[in-house]
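Trainee: Provided herewith is a single structure, encoded as structure tokens, for subsequent inquiry.
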Amino acid sequence: MTDSTSFTNQKFKVIGQRVRRQDGMDKVTGRAKYGADAVAPGQLVGVILRSPHAHAKIKKIDTSRAEKLKGVKAVITSKDLPDYTNGNRDLLSMLENCMARGRALYDGHAVAAIAAVDASTARKALKLIKVDYKILPHVTDVDAAMQEDAPVIHDWVRTIGVEPAPSKASNVSMRSEFGHGDVDAGFAKADVIIEKSYKTEQTHQGYIEPHACLASMSPDGSGELWVTTQGHFAYRNWCAQLLGLDMSKLKVTSSEIGGGFGGKTHIWMEPIALALSRKANRPVKLVMSREEVFRASGPTSSTSIDVKIGATKDGRIVAATSECRYQGGAFPGAWAVIGAMTSFACYDLENVKTVGYEVVCNRPKVAAYRAPSAPMASFATESTVDLVAEALGMDPVDFRILNAAKEGTRASYGPTYGPIGIGPTLEAVKKHPHMRAKLKKNQGRGMACGFWFNFGGQTSCTINVAADGTVNLSVGTIDVGGSRSSLSMICAEELGISYEQVRTHIGDTAALAHNDMTDGSRGTFASGMAAIIAARRTKEVLKLRAATAWEIPVEDVDWQAGYAVALGDKHSNLEPLSLADIAANTENTGGPVAGHNEFVADGAGVSFASHICDVEVDPETGSTRVIRYTVIQDAGKAIHPDYVEGQFQGGAAQGIGWALNEEYIYGEDGRLQNPGFLDYRIPVCSDLPFIDTQILEIPNPNHPYGVRGVGETSIVPPLAAVGNAVSNAVGVRMTHVPMSPPRILAALEAEA
Amino acid sequence: MRYEAPNTTKAAATLLAAEKGKAFVLAGGTDLLVRMKAGMLEPDLLVDIKQIDKMRTIAGNSTGFTIGAAVPGVEIGEHKTLGKLWPGVVEAAQLIGSDQVQGRCTIVGNLCNASPAADTVPALIAAGAKAVVVGKDKRRTMAVEKIVTGPGSTSLTKSEIIESIKLPKRDRNSGDAYLRFIPRTEMDIAVVGAAVNLTVSRGVIKSARVALGAVAPTALLVKEAADAIIGSKLDDASLERLAAACSAACNPIDDKRGTIHYRTKVAGVLGRRAATIAYERAGGKR
Ligand SMILES: Cc1cc2nc3c(=O)[nH]c(=O)nc-3n(C[C@H](O)[C@H](O)[C@H](O)COP(=O)(O)OP(=O)(O)OC[C@H]3O[C@@H](n4cnc5c(N)ncnc54)[C@H](O)[C@@H]3O)c2cc1C
């Protein structure tokens, strides 16, 4: 029982409440320490010199003048980052992405770095480094990069996943395929077939806190790194491997995080800070500017996607295919694979085939962005689904309900679904008052659904009971959205104590066993499951301590509502012992009380959402305003409903920004034109309506409380929900995201 | 870098004239400090004009207003009569930035920063505003449209400072309006801006000025667009002629903010809409 993770439908006291957030006070008063807030005695300022070219051979770097400048303590290039990767190409790519090795592969690629006593000296020194470049042909567009005559970026990239294996290098690093049935036979039965091509531009997660760290390396080979990250264990492992250190000698502490959304699941400059510190023998603080964040961290893919769906007159989809071409930046990635897996995950299909192509381009290396790769695939699919419904003369919601996946459906990407929420979210859409609200001139309504896998992964945590009976929970998944509070709630629930008695901390890499990152919507799911088990184990220890104090067999002790209770009439003289009573007496009863759990949190439940969106389009300017928006999503079980709603709203807000205005704009020269928040337009408050939410709770059978991850799914439907709404408002089908005013106006004019 | 905060315009001009290196007037700093922080410029001297009393006030009435060069946007918005007589100028000034930026930004800074997309410039040009320019030895008064000569450049000499902006006498039955197009709802930069200022008599437009922003290297005074509506009651046909004249006057660039085609088209749309608002403000009924 203690370690079982099956859903039991237990009754809750704390779970489901909207308790006060643990990190709230520090965050609103400015006390919270983020990546750039650490200081160390004697620390230096690090700065990075970046390539202005999209693709160039680095013929020579002359750092001699910079080195001579007073106040400069270290200058490094790739020479100071020897290759310890032992033939591991992925690791070497990671190192090469942190600092160019002979070739600059994108505008913004780091080529050298400096540590100096202050920022102005460091910046002055930067200008003294002379780099001799030979400009090479570049390519930034995904379709162009796949052409025969495209400049081939890496001579070592061969397309994996095609037979026979190609002998020539190309920019296509992998082909993947999923599906089942016979799509040709399916299309032959179709009464209506819609085939369409879509493009989505590259977007950035737009986290407000830039990458920042404080690195300190000692001559004895040990080191410390304070850093804003979604996964300090992964950062520790990568940095140690790239710098040739023992993992255990590098202690990484995660700061508070000012947003990550996937962008902080990867190292960008941390090894540089460590290498600078190693060379200077002083701590080095390295903080990216916003421009650097845009040019040299990890935005999501730009894509080009073809979708084909066939259906019969009675509204059944008989065949569906998609081809997903994803731009992954300067190094091979695995992004199209996820696009291909998620393309049709919402539907119950007999015949389906999806193909993904990973494409290397002269752009920054792509990283995860909230349900990475799914929003674009969903845009293509859900837009086409609306077109098929229209061609059949069916209501788009009814059409989706008729074809929705359910328990027992074989997913297009392989597995068979357990209990899932796509049907219920669609039924909830039908019933929602939003669907019946009146629309005015130039307004339109659209809806779309979305899917995300969610993830469990390696997890460890520790519960420590303090001498006064209050409790610390230490977890290794950093808190991006209130998870410390949610985990404290879980711990309190299990121990039968109040939320206020528990405080959760993020342990550093030396304090806990390995934890996977906070990604895949796993923080509350995986650490929550670990905390449940750790709490139940803590209770066993507490019972043992009580039994020792009472000098009775432990079998006669139960844990009830926060108290050790002696069972049976023969012990009726024994007053229950509170957590505080037991904690005060551990010296005499067997020692301090703690509970641990180390495991792989299997069984993350897949998650589905359906969104409804109303827009108003100005037909003379192409300007679109979202005037009403509703998110309906299955959370499995909402531990803290505020945070669940916050995740629903946050994903929708980011998706709306992506749908309407956000995009990386490259010039002919391959340089990023808009590396700043003025021209990379994330929505401001006044751009968004209040985003309404509805939480459905269809328990995940593999979690004791039924929890599913909730963080990512909400960004999947908005691109298509907005696109379908625009189409219904002004009668043009938008196939290119973002649907910026010039694109909408051009589409309207083309239609006229 | 040296920082000075003199108490008179003359003293400020003298400081500028004496500096051998790069000298800049500092008003609100919402352009200047941003550019300094980005490493785009490294001044040797900053002359802060916010201690010059004369530049901190708004004076006048329907016979003409003088707006000091250091008056921040928020005070322009709060002024009792300015907004009643010149709603277009005030709404343009109020569009700049956010609450925080409004507390600092000035219309003269907006003008002298010489961005083709500056919001107040078309409104000031349409209003027929003049700039009072003070140099080390002499003063001159110039039409606002003569100040900016190209992106980032002005006709001011090294020692010259704009002391104030003068708005002309306001006839009865006048109205002005400024509209800009931005992809977001705020905190953005104009893709197109259009200002219209006009006076009507018994519903007929007697005089008008139309100015456009962000569609050419400098803000444009579009005489043809004004001519298209003068003498009319702003009927649909004259509005269409105004829109066509606005579009025809455009000489924009293709860039990350908008295409040539887009800007040209939207300039006409905004010109038409701004004219309609100005006409209604002037008491005209369509
Ligand atoms: C967040 C943000 C949002 C913004 N939004 C907008 C917007 O929506 N629309 C818009 O048009 N602008 C916008 N701006 C730009 C800026 O705020 C405006 O251009 C503002 O009006 C500048 O005024 P200032 O007083 O701050 O100028 P400053 O920065 O002080 O000066 C600008 C330039 O003018 C010169 N100068 C200033 N005063 C004088 C003078 N009296 N005589 C001679 N030269 C002078 C300075 O030397 C400098 O070169 C925004 C800026 C920010 C930071």
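The values are calculated or read from the model by the stated rules, or taken from the named source; none is laboratory data. Bear in mind that the values here come from a model prediction, so they are computed numbers and not experimental data. Note that we place each Cβ from the backbone using ideal geometry, even for glycine, and neighbour counts take in every protein chain shown. Remember, those area values only see protein heavy atoms, side chains included, never the ligands or the DNA or RNA. Shrake-Rupley method; radii C 1.70, N 1.55, O 1.52, S 1.80 Å.
Trainee: In segment B:99-120, what residues are more than 12 Å from B:ALA27 (Cβ to Cβ), open to solvent by 20 Å² or more (accessible area, probe 1.4 Å) and either within 14 Å of chain A (Cβ to nearest Cβ) or near the ligand (Cβ under 6 Å from one of its atoms) (or both)?
Mentor: Within segment B:99-120, B:ASP99, B:GLN100, B:VAL101, B:SER115 qualify.
Trainee: Condition check: crowded, with 24+ Cβ neighbours inside 10 Å and polar (S, T, N, Q). Does A:THR470 satisfy that?
Mentor: no
Trainee: Please give the number of the condition B:THR259 fails out of (1) within 12 Å of another protein chain (Cβ to nearest Cβ); (2) open to solvent by 20 Å² or more (accessible area, probe 1.4 Å); (3) at pLDDT 95 or above.
Mentor: Failing condition for B:THR259: (3).
Trainee: Mind listing whichever residues of segment A:614-634 are touching a Ser or Thr at 6+ places or on another chain (Cβ under 8 Å) and open to solvent by less than 10 Å² (accessible area, probe 1.4 Å)?
Mentor: A:VAL615, A:VAL617, A:GLY622, A:THR630, A:VAL631, A:ILE632, A:GLN633, A:ASP634
Trainee: For segment A:637-661, which residues satisfy the criterion of being out of contact with any strand residue (DSSP E or B) (no Cβ under 7 Å at 6 or more places or on another chain) and at the interface with chain B (Cβ under 10 Å from one of its Cβ atoms)?
Mentor: Matches in segment A:637-661: A:GLY657, A:ASN661.
Trainee: Right, B:THR81: open to solvent by 20 Å² or more (accessible area, probe 1.4 Å), outside the structural domain of B:GLY21 (by TED's automatic domain parsing) and of a type outside the set (Lys, Arg) or not?
Mentor: no
Trainee: If you don't mind, another one. Can you tell me which residue among A:LEU544, A:LEU512, A:LEU495, A:LEU439 is touching a strand residue (DSSP E or B) at 6+ places or on another chain (Cβ under 9 Å), crowded, with 22+ Cβ neighbours inside 10 Å and either over 18 Å from A:PRO704 (Cβ atoms) or not assigned by TED's automatic domain parsing to the domain that holds A:ILE715 (or both)?
Mentor: Result: A:LEU495 is the single residue among A:LEU544, A:LEU512, A:LEU495, A:LEU439 that is touching a strand residue (DSSP E or B) at 6+ places or on another chain (Cβ under 9 Å), crowded, with 22+ Cβ neighbours inside 10 Å and either over 18 Å from A:PRO704 (Cβ atoms) or not assigned by TED's automatic domain parsing to the domain that holds A:ILE715 (or both).
Trainee: Let me ask something additional. Tell me yes or no: at least one residue of segment B:230-237 is open to solvent by 10 Å² or more (accessible area, probe 1.4 Å), within 14 Å of another protein chain (Cβ to nearest Cβ) and over 21 Å from B:ASP171 (Cβ atoms).
Mentor: no
Trainee: Taking the residues in segment B:274-286 that are in contact with a helix residue (DSSP H, G or I) (Cβ under 9 Å, 6 or more places away or on another chain) and not hydrophobic (A, V, I, L, M, F, W, C) as candidates, determine which candidate is nearest to the other protein chains (Cβ to nearest Cβ).
Mentor: Taking the candidates together, the pick is B:THR276.
Trainee: Being part of a strand (DSSP E or B) and either near the ligand (Cβ under 10 Å from one of its atoms) or hydrophobic (A, V, I, L, M, F, W, C) (or both) narrows it down to one of B:ALA194, B:ALA123, so name that one.
Mentor: B:ALA194
Trainee: Something else about it: Filter segment A:35-53 down to the residues that are open to solvent by 60 Å² or more (accessible area, probe 1.4 Å) and in a loop (DSSP other than H, G, I, E, B) and list them by number.
Mentor: A:VAL39, A:PRO41
Trainee: Which one is farthest from the ligand (Cβ to nearest atom), of the residues in segment B:126-146 that are surrounded by fewer than 24 Cβ atoms within 10 Å (Cβ to Cβ) and part of a loop (DSSP other than H, G, I, E, B)?
Mentor: Checked segment B:126-146; the qualifying residue farthest from the ligand (Cβ to nearest atom) is B:GLY128.
Trainee: Quick check on my filter: what residues within segment A:666-675 are open to solvent by less than 40 Å² (accessible area, probe 1.4 Å) and at the interface with chain B (Cβ under 9 Å from one of its Cβ atoms)?
Mentor: Result: A:GLY667, A:ASN674.
Trainee: Mind checking whether some residue in segment A:149-171 is in a strand (DSSP E or B) and modelled with pLDDT of 95 or more?
Mentor: Scanning segment A:149-171, I find at least one residue that is in a strand (DSSP E or B) and modelled with pLDDT of 95 or more, so the answer is yes.
Trainee: So which of A:ILE744, A:ILE691 is within 14 Å of another protein chain (Cβ to nearest Cβ) and either surrounded by 24 or more Cβ atoms within 10 Å (Cβ to Cβ) or touching a strand residue (DSSP E or B) at 6+ places or on another chain (Cβ under 7 Å) (or both)?
Mentor: A:ILE744 is the lone residue from the list that is within 14 Å of another protein chain (Cβ to nearest Cβ) and either surrounded by 24 or more Cβ atoms within 10 Å (Cβ to Cβ) or touching a strand residue (DSSP E or B) at 6+ places or on another chain (Cβ under 7 Å) (or both).
Trainee: Which one is nearest to the other protein chains (Cβ to nearest Cβ), of the residues in segment B:161-191 that are charged (D, E, K, R), within 16 Å of the ligand (Cβ to nearest atom) and touching a Ser or Thr at 6+ places or on another chain (Cβ under 7 Å)?
Mentor: B:GLU186
Trainee: I'm trying to understand the selection: among the residues of segment B:133-162, which are farther than 23 Å from B:LEU41 by Cα and either within 14 Å of the chain's Cα centre (by Cα) or in contact (Cβ under 8 Å) with a residue 60 or more places away in the chain (or both)?
Mentor: If the condition is that a residue be farther than 23 Å from B:LEU41 by Cα and either within 14 Å of the chain's Cα centre (by Cα) or in contact (Cβ under 8 Å) with a residue 60 or more places away in the chain (or both), then B:VAL134, B:GLY135, B:LYS136, B:MET142, B:ALA143, B:VAL144, B:GLU145, B:LYS146 are the ones that fit.
Trainee: Looking at (1) away from chain A (no Cβ under 14 Å); (2) open to solvent by less than 10 Å² (accessible area, probe 1.4 Å); (3) among the β-branched types (Val, Ile, Thr); (4) out of contact with any Asp or Glu (no Cβ under 9 Å at 6 or more places or on another chain), find the lone condition where B:VAL210 falls short.
Mentor: (4)
Trainee: Further question on the same structure: If B:LEU198 meets every condition in (1) without any contact (Cβ under 8 Å) to a residue 12 or more places away in the chain; (2) more than 14 Å from chain A (Cβ to nearest Cβ) apart from one, which number is that one?
Mentor: For B:LEU198, the failing item is (1).
Trainee: Okay, next question. Let me confirm something: among B:SER247, B:SER238, B:SER232, B:SER207, which residue is of a type in the set (S, T, N, Q), farther than 28 Å from A:MET739 by Cβ and in a helix (DSSP H, G or I)?
Mentor: B:SER238
Trainee: Here's something else I'd like to know. Restricting attention to segment A:710-740, report how many residues are open to solvent by 10 Å² or more (accessible area, probe 1.4 Å) and part of a helix (DSSP H, G or I).
Mentor: So the count comes out to 4.
Trainee: Quick one: B:PRO217 ticks every box in (1) more than 12 Å from the ligand (Cβ to nearest atom); (2) part of a strand (DSSP E or B); (3) in contact (Cβ under 8 Å) with a residue 12 or more places away in the chain bar one, so which box is it?
Mentor: (2)
Trainee: Taking strands (runs of 3 or more DSSP E) that fall entirely within segment A:172-271, which contain at least 3 residues that are in contact with a Ser or Thr (Cβ under 8 Å, 6 or more places away or on another chain), open to solvent by 20 Å² or more (accessible area, probe 1.4 Å) and under 27 Å from A:PHE331 (Cβ atoms)?
Mentor: Passing ranges, in order: A:172-180.
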